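Enquirer: Have a look at the structure that comes next, please.
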Amino acid sequence: MRFVVFGAGAVGSVLGGHLALNKQDVLLVTREPHAAAINENNGLRMLSATGDYSAPLRAATKLAREDIDADTCVFFTPKSNDTKSCVEQLVKTAPPDTPVVSFQNGVTNEEIIVKYFENVYGGVCRMTCSQLQPGQVSFRKMGRLVVGKYPKGAHSFPKKLASVLEEAGFDVSVSNSIMCDKWLKLIVNLQSGFNAIIENRDHDSVEFMELKVGVLEEAKKVLRAQKMKAKSCDDRDLSVDDVIGELKKPKAPRSPSSVRVNNSTWQNLYLKRKEIENGYFHNPIIEMAKKHKIDVPFNEVSLELVTESCNEQLGPGAFRASEVLQKIKDRSTGS
């Protein structure tokens, strides 16, 4: 099997890098500086807590027809705000029966891709990956992946793909209800805004944990009202209740890691990118909340402040946990 990672940022590069380390043929289609650095260095540099690796893969800014054959699988990994433009580029080169696996956050990407491609699959990547400079990515340890046919059902291709990914070192599950897994990942991702905009010195504070619990509890209430399932296909991933329970447990102060890894929201703010994709996490919850007349101030304020940080180029960590919590409480009381 050959692999094209289309829209390769941090996650796509790490997925492709591990496949390349396992002797798979991998091409990353990515931004020009990243592609140039990879090709200049004859590979992708991958930093982790277990070692420093060089993955022998190719990179390009555009996909050529010779890069696609009958045995090619596309990992589709751009930000959700770029899905439509990227899939319109991809379909110009890739045949419509090419298997396309969306390893993207959010729950609306596959419904766009399936308008252009016949064989669409969902993918969930449960590992935090960073790419802050061209030609290099970082992650702490190998993560867990879930793949499945979109929108649901059993299919032979995810099983074949899971086998290849397991050989590359990933822990992989095949889901017959992949959108339930993707909704669960979306709910977990609701924490990413607060993780990015709150000053790092507050990350061990009670106020910070209250912010993260609040955004999850709101989402849980909304999904219950909507009768929407957000769950792991095999119960191997923490449920929303489990995540909330872990957040509420007393914890010792964090020890700094030898490898610096930050979520994608933090990276977008740090790199001062013009767009963020957090609306694709919070807006589905906010819209369903309006339908059911449920107040969701934690989700609203998180999205507003992340958007402000992006538009004003404030960078990560621009707010204190206590002031954000007070802003939410003021909104809840109408003051």
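The values are calculated or read from the model by the stated rules, or taken from the named source; none is laboratory data. All figures in this text were calculated on a predicted structure; none of them were measured in a lab. Because the Cβ atoms are built from the backbone with ideal geometry, glycine has one as well, and the counts that use them run over all protein chains shown.
Enquirer: Checking the conditions here, which among Ser138, Ser48, Ser80 is farther than 16 Å from Gly9 by Cα, buried (at least 18 other Cβ atoms within 10 Å of the Cβ), among the hydroxyl-bearing types (Ser, Thr, Tyr) and touching a residue at least 60 places away in the same chain (Cβ under 8 Å)?
Expert: Ser48
Enquirer: On to the next question. If only one of Val87, Val11, Val74 is crowded, with 21+ Cβ neighbours inside 10 Å, touching a Cys at 6+ places or on another chain (Cβ under 9 Å) and not small (Gly, Ala, Ser), which one is it?
Expert: Selected residue: Val11, the only one of Val87, Val11, Val74 that is crowded, with 21+ Cβ neighbours inside 10 Å, touching a Cys at 6+ places or on another chain (Cβ under 9 Å) and not small (Gly, Ala, Ser).
Enquirer: If we keep just the residues of segment 119-145 that are modelled with pLDDT of 95 or more and of a type in the set (Val, Ile, Thr), which is nearest to Ala35 (Cα to Cα)?
Expert: Filtering first and then ranking leaves Val137.
Enquirer: Can you pull out every residue in segment 280-333 that is surrounded by fewer than 14 Cβ atoms within 10 Å (Cβ to Cβ), polar (S, T, N, Q) and more than 19 Å from Lys79 (Cβ to Cβ)?
Expert: Gln326, Ser332, Thr333
Enquirer: Looking at segment 182-199, can you tell me whether even one residue there is within 20 Å of Leu303 (Cα to Cα), more than 21 Å from the chain's Cα centre (by Cα) and either of a type outside the set (Ser, Thr, Tyr) or not assigned by TED's automatic domain parsing to the domain that holds Ser322 (or both)?
Expert: yes
Enquirer: Got a sec? Which helices (runs of 4 or more DSSP H) wholly within segment 233-311 have at least 3 residues that are within 30 Å of Lys149 (Cβ to Cβ) and touching a residue at least 40 places away in the same chain (Cβ under 8 Å)?
Expert: Those helices (runs of 4 or more DSSP H) span 279-291.
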